[in-house]
Amino acid sequence: MNKIFEVIRFEVMRSIKKPSFWAAAILIPVLFGFYIFIAAMSGYSAGEAFESASDTSEMKLGLHDGASFVKSNVIKNTNGDEQEFAIYESTQAGIDAVQAKEIDVFYDIPENFSEKPTVNIYAKPDQVTLFDDYSAPIATLLQTHAVTEVSAINYSIITNSIAYETINYDADDNHVVETNEIVGQLSGPIIALALFYVLIIVLGNRLVVAMTEEKENRISELMLTSINPRNLIVGKIISLMIVGFIQLLVLVIPVLILYKVGINYDVIPEFIREGISALSIAQYALLLVASYFLFTAGCVVIGTLTPTAKDANSFSSVFVIMVILPIFFLGSFTGKDNQFMMYFLTYFPPSAPIAIMLRAIMGSLADWEFWVGLADIVIVGALLAKLATYIFCKNAIEFTARINFKKLFGSPRKSWKN
């Protein structure tokens, strides 16, 4: 155990002392926040441009009602003030008024409006853009007239403004399932899925090259003179997991701060605050650790098997695809079709972590399946760690340009058996 702790301490300290480690750890949340800020500002700017181009509250409006459809030519605009349409006797008169800039927008309701409900809009803006939309005033005028022709309830049905309230009963004891209870059930798997995805994308490549770089630099020869391969591999896996979670913690802390600020300023809805379940988060935190252990062990196997970092990256791509395989079969988790694929991915070790999280989010995961899946992940992760030890014993000082399978499946070195 002392040797394992020495490896863990050495690897962790070596990583956290590198400025590049902290630069990468800090850069991720900064870039993520910058991306959200740019996206929000772009959305705000586009929305503001659209609203500005569509605002007709200060414009002069004209109307020709060839069908004698509307009863009034006055509406309330977006500012709450009354806005009046200038009435024109013919379509051409209104078009001439627009072209002469006497009015800004002219609406023409044709005589066959009842058979062909189309309103022609004529405008002469200073600059024509994709955001131009002057339909709001005439839509308001038509709706005001329509309300007088039908009952209030029929108008609510037609405009789809009916409120619907759903009451769900629990399948076991028939108690009413509240929204905060649903949030509590989803909080754990959603958070675990997001964090596990970050770990795969951000740290996957580094886990693979952690072993190959030492073989390429021939450091592994020196290390094996003072430490057992099993202790080295176990220490490597644990230290890589610790370093990964340190980097993840740097990402999570700002999110927790923002969550706390959101609570203080009452930005986060009450059902989310009350619904987040500590038990669910703890349960799926355990799954997250086990899943990352499986992923790390798999990456270490690839790193010990391949002679160079270039080869390791090629093999790691295949392994990552196996891990995220449930994303490609998302339809199997959202419906009742293709149930075989859903269960296969749940118990296929590389894809099991994401499959379990997705099934929990979709509400199709039984409690016993969670624990069976967790046991499956831990057992396979341990077997991969043992396989990595075996391969490392056979392949630690292999510097050829290709994988030597003949040597790999031969007898182990006697000096490394213990």
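The values are calculated or read from the model by the stated rules, or taken from the named source; none is laboratory data. Quick caveat: nothing in here was measured; it's all calculated off a predicted structure. FYI the Cβ positions are ideal-geometry reconstructions off the backbone, even for glycines, and counts take in every protein chain you see. Only protein heavy atoms, including side chains, enter the accessible area calculation; ligands, DNA and RNA are left aside. Shrake-Rupley method; radii C 1.70, N 1.55, O 1.52, S 1.80 Å.
Some values worked out for this structure:
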{"read-out": "Cα-Cα over 18 Å, subset of 60/101; 18/310; 71/101; 17/310", "value": "18/310; 71/101; 17/310"}
{"read-out": "Stretchable slack from residue 133 to residue 23, in nm (0.36 nm times residue separation minus alpha-carbon distance)", "value": "34.9 nm"}
{"read-out": "Per-residue HN-Hα couplings for the stretch 252-259 [Karplus 6.51, -1.76, 1.60; θ = phi - 60°; Hz; x = Gly/Pro]", "value": "6, 4, x, 5, 5, 5, 5, 5"}
{"read-out": "Accessible area (Å², 1.4 Å probe, nearest 10) - residue 88", "value": "40"}
{"read-out": "Solvent accessible area, Å² - residue 362, 1.4 Å probe, full protein context", "value": "90"}
{"read-out": "Pair residue 170, residue 31: separation of 7 Å Cα→Cβ label points (nm)", "value": "4.5"}
{"read-out": "Percent of alpha-carbon pairs separated by more than 24 Å within the stretch 263-393", "value": "41"}
{"read-out": "Heavy atoms of residue 57: accessible area, 1.4 Å probe, square angstrom to 10", "value": "20"}
{"read-out": "Relative contact order of the stretch 100-188, pairs being alpha-carbon contacts under 8 Å that are 6 or more residues apart, as %", "value": "15"}
{"read-out": "Förster radius 45 Å - calculated FRET efficiency between residue 155 and residue 101 (Cβ-Cβ, nearest 0.05)", "value": "0.75"}
{"read-out": "Solvent exposure, largest accessible area first (probe 1.4 Å, DNA, RNA and ligands not counted), of 202, 12", "value": "202, 12"}
{"read-out": "Spin-label pair residue 67/residue 9, simplified geometry with 7 Å Cα→Cβ offset, distance in nm", "value": "8.5"}
{"read-out": "Sequence of 27, 287, 365 from largest to smallest accessible area, 1.4 Å probe", "value": "27, 365, 287"}
{"read-out": "Which of 325, 288 is most accessible, then next, and so on - probe 1.4 Å", "value": "325, 288"}
